[in-house]
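The values are calculated or read from the model by the stated rules, or taken from the named source; none is laboratory data. All values reported here derive from a predicted model rather than from experimental measurement. Glycine gets a Cβ as well: all are built from the backbone with ideal geometry, and neighbour counts include every protein chain shown.
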Amino acid sequence: MKTLLEHLRVLRHTLQRLLLTPNATLLNILIIGIALSLPVGGYVLLKSVQLLGAQISGTPQISVFLATGTSDGDIERIGDKLKQHAAIQRIEFVPRALALKKLQQSSGLSDVIGGLSQNPLPDAFIIYPKDDSVAALEALRDELNAWQHFEHVQLDSAWIHKLEALLNFGRTAVAILAALLSFALIAITFNTIRLQILTRREEIEVSKLIGATDAFIRRPFLYFGLTQGLLGGIAAWLLVAASLQLLNYQVGALAQLYASNFSLQHLSAGDSLTLLGFSAYLGWLGAWFSVSQHLWQIEPR
């Protein structure tokens, strides 16, 4: 109980010290908040784009278009062979007459299609693979390309894998940015605590003279760094939330043009707690490095 009261006393003293220099405190919090909001904003955008890609792509499919003149017997044998394939979950056969009818209904070109002397569309199979990984889909597509009576094999969801590769690049860029800015924030806290130690040098010397331990002297500085980092994390959260709110107005107007309800996703509760915990840890870490380097240099004279 005594230890808890001591920690609460130090925390209250830390908040008082922050309020004694409101301009410097606000500036440091804003710097930390802006720096953290950059990688966090990038993470949120990537997460929203990934969600949009998953909604659009659906289940990966491979469309197989049969060569003109393929007989009904060959079509039946091909269908049986596809059903027995170990990498295929199920198939759908789309006759050329049905494909033309669907095109006529969906394209708005019924008059033009109705004037055709013959059906230009081929018979086709829609294949649903068991494994939707990029390597498995491409391997199955290449294998089917070698089959007889297949005029063209198309991987309908190939674009989504290009998007995934782009997202992986974005994640790496965000991770590098987050790492660099984390070092910068540690340096900011390091320098802030160093200045505090220098201005309180005589107080620290007196504390050591009356028997104060290094842990006791170190504690207020660690709380200061942790509190400053936590407040910076809150500022980052508010900046990201406000930016997403503004952007969603524009995104909503754009989505309506495409009859979509897409919007940028806000930080989840788990992501928010991670942000606040990480920012507090960075502040604590910067303070710990600074105190560890400078405290031992101060000895009573």
Inset, instruction - For the range 263-277, name all the residues that are among the hydrophobic types (A, V, I, L, M, F, W, C) and touching a Ser or Thr at 6+ places or on another chain (Cβ under 8 Å). - result: 264
Inset, instruction - Would you tally the residues in the range 212-246 being surrounded by fewer than 13 Cβ atoms within 10 Å (Cβ to Cβ) and of a type in the set (Phe, Trp, Tyr)? - result: 0
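Show me the helices (runs of 4 or more DSSP H) entirely contained within the range 1-110 in which 2 or more residues are modelled with pLDDT of 80 or more and surrounded by 13 or more Cβ atoms within 10 Å (Cβ to Cβ). Full working, then the answer.
Working: elements: 2-20, 22-57, 72-83, 96-107.
Output list reads 22-57, 72-83.
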Inset, instruction - Give 209, 177 a once-over and let me know the one that is exposed (fewer than 13 other Cβ atoms within 10 Å of the Cβ) and touching a residue at least 12 places away in the same chain (Cβ under 8 Å). - result: 209
Inset, instruction - Look at residue 199 and say whether it is at pLDDT below 85, closer than 27 Å to residue 27 by Cα and polar (S, T, N, Q). - result: yes
